[in-house]
Amino acid sequence: MKVLVTGGAGFIGAHLVEALRARGDAPIVFDSLDPASGDPARRAAAAAALGVPVLRADIRDEGAVLRAVDGVDAVVHLAARAGVRESLADPLTYESVNLRGTAVLIDALRQAGPRPLVFASSSSVYGAGTGLFAEDHPADAPLSPYAATKRGGELLLHAAARGWGQPAVCLRFFTVYGPRQRETMAIARFVGAALGGPAAPVYGDGSALRDYTEVSDAVSAVLAALDRGPAWGVFNVGSGAPIRLDALIALIGALAGAPVRTVPAPAQPGDVPSTHADLSRVQSGLGWSPRVRLDTGLARVIAWARAAAPGA
């Protein structure tokens with residue numbers, strides 16, 4: 001299967017491309033290599049190392065996107081500006097990349113002929129709710145522009161599915177982590193702080209509850225959506241086993257064999273108090289369940305960080 005992966009040089013994207021190649025598919029990377037997602041030269045080298053075609057272009061470039069979808073069997077749409085706090089400081093860029101970019105891709109598929117699309121959404125669409133989040137939980141009160149654009153992408157795809165039969169599966173990822181994730185993500189910072197790097201900020205009182213998803217589980221959910229996804233569907237992708245922030249930090253310290261050095265910081269606008277994925281629908285609808293325990297996933301991140309450290 002020939003699969004276009006927008007954002008394929010990013011964190012989840014690169015892991016997905018490797019998995020697609022491993023099972024005999026033919027992935028194509030479409031990525032702008034935006035500096036906001038890391039050093040462009042480093043990311044370009046990493047993309048080249050994937051050993052697949054790399055189309056360097058912006059997801060908002062209508063001509064480039066139309067050419068990219070020509071001849072592919074399916075699309076995985078990961079291209080986006082990520083980050084809740086960053087979106088509060090730059091909402092126009094998030095609207096442009098995440099909403100207009102998704103609309104450009106949808107229109108390219110309308111012109112080229114609909115084919116299956118898997119969209120990376122986010123648990124942030126649930127806003128400040130608490131308890132177990134099921135897919136029919138209200139998702140109409142986002143706390144950040146990032147969350148709003150992810151919900152908006154889902155709505156655009158729903159309109160395309162109903163309007164002209166564009167197949168689409170939206171995966172609401174719950175805090176994906178793993179080797180090679182962005183340095184600004186919480187787990188990467190805490191691991192770095194345990195291994196001798198700068199002290200990591202702890203926002204709030206440590207009581208925030210998060211459902212973490214190891215990247216290989218996120219990738220296997222994308223593959224399940226490609227293979228078994230319905231013409232339209234929205235599915236949670238998480239561990240179903242949330243952990244408090246202070247307990248996460250203690251666990252990382254225990255696994256690293258060194259305390260995580262932290263500095264207190266005030267709670268941040270846009271952050272939600274709790275996430276907890278109800279996995280009933282994804283288990284029945286896609287036959288997917290998480291396989292990687294949090295301690296196992298964190299051990300992988302620590303091992304990778306040690307191996308990637310200068311002089312290692």
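The values are calculated or read from the model by the stated rules, or taken from the named source; none is laboratory data. Predicted, not measured: the structure shown is a model, and the values here were computed from it. Don't worry about glycine lacking a Cβ; one is built from the backbone with ideal geometry, like all the others, and counts go over all protein chains shown.
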Problem set entry | Matching residues in segment 100-117 - criterion: being touching a Gly at 6+ places or on another chain (Cβ under 7 Å) and either of a type in the set (F, W, Y) or crowded, with 24+ Cβ neighbours inside 10 Å (or both) | T102
For this session: Report yes if some residue within segment 208-218 is more than 19 Å from F174 (Cα to Cα), in contact with a Leu (Cβ under 9 Å, 6 or more places away or on another chain), touching a residue at least 40 places away in the same chain (Cβ under 8 Å) and surrounded by 15 or more Cβ atoms within 10 Å (Cβ to Cβ); otherwise report no.
Result: no
For this session: With respect to I28, determine if the residue is among the hydrophobic types (A, V, I, L, M, F, W, C) and under 25 Å from R151 (Cα atoms).
Result: no
For this session: Given the conditions (1) modelled with pLDDT of 95 or more; (2) at negative phi, report the number of the one that G257 does not fulfil.
Result: (2)
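Looking for something of a type in the set (D, E) and under 30 Å from R244 (Cα atoms) - is there at least one such residue anywhere in segment 115-136?
We begin by selecting, within segment 115-136, every residue of a type in the set (D, E); these are 135-136.
Retained after the next criterion (residues that are under 30 Å from R244 (Cα atoms)): 135-136.
Yes, segment 115-136 contains a residue that is of a type in the set (D, E) and under 30 Å from R244 (Cα atoms).
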For this session: Name the single residue, out of those in segment 140-150 being farther than 12 Å from Y94 by Cβ and free of Cβ contacts under 8 Å to residues at least 40 places away in the same chain, that is surrounded by the most Cβ atoms within 10 Å (Cβ to Cβ).
Result: A141
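Can you pull out the helices (runs of 4 or more DSSP H) entirely within segment 29-89 that have at least 1 residues that are surrounded by fewer than 21 Cβ atoms within 10 Å (Cβ to Cβ) and over 21 Å from the mean Cα position of the chain (by Cα)? Show your work before the answer.
Details: elements: 40-49, 62-69, 84-89.
The qualifying helices (runs of 4 or more DSSP H) are 40-49, 62-69.
Inside segment 155-187, can you point out the residues that are part of a loop (DSSP other than H, G, I, E, B) and either buried (at least 24 other Cβ atoms within 10 Å of the Cβ) or in contact with a Ser or Thr (Cβ under 9 Å, 6 or more places away or on another chain) (or both)? Can you show your working first?
To start, the set of residues in segment 155-187 that are part of a loop (DSSP other than H, G, I, E, B) comprises 165-167, 174-175, 178-185.
Of everything in segment 155-187, those that are part of a loop (DSSP other than H, G, I, E, B) and either buried (at least 24 other Cβ atoms within 10 Å of the Cβ) or in contact with a Ser or Thr (Cβ under 9 Å, 6 or more places away or on another chain) (or both) turn out to be F174, T175, G178, R182, M185.
Just give me the residues in segment 241-264 being more than 21 Å from L195 (Cα to Cα) and of a type in the set (A, V, I, L, M), in sequence order. Break it down stepwise before answering.
Going through segment 241-264, the residues more than 21 Å from L195 (Cα to Cα) turn out to be 241-244.
If the condition is that a residue be more than 21 Å from L195 (Cα to Cα) and of a type in the set (A, V, I, L, M), then A241, I243 are the ones that fit.
Could you list, in sequence order, the residues of segment 1-28 that are in a loop (DSSP other than H, G, I, E, B), within 19 Å of P116 (Cα to Cα) and touching a residue at least 24 places away in the same chain (Cβ under 8 Å)? Quick ask: steps written out before the conclusion?
Residues of segment 1-28 that are in a loop (DSSP other than H, G, I, E, B), as a first pass: 1, 7-10, 23-25.
Checking the rest, the ones that are also within 19 Å of P116 (Cα to Cα) come to 1, 7-8, 23-25.
Result: M1, G7, G8, R23, D25.
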Exercise. Quick check: is even one residue across segment 251-270 under 19 Å from the mean Cα position of the chain (by Cα) and within 21 Å of R172 (Cβ to Cβ)?
Worked result: yes
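Just give me the residues in segment 19-28 being more than 16 Å from the chain's Cα centre (by Cα) and either among the aromatic types (F, W, Y) or within 25 Å of R81 (Cα to Cα) (or both), in sequence order. Working first, answer last.
Here is the first cut: in segment 19-28, the ones more than 16 Å from the chain's Cα centre (by Cα) are 20-28.
Hits for segment 19-28 are L20, P27, I28.
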For this session: Would you point out the residue of segment 177-220, among those that are polar (S, T, N, Q) and in contact with a strand residue (DSSP E or B) (Cβ under 7 Å, 6 or more places away or on another chain), that is modelled with the highest pLDDT?
Result: T213
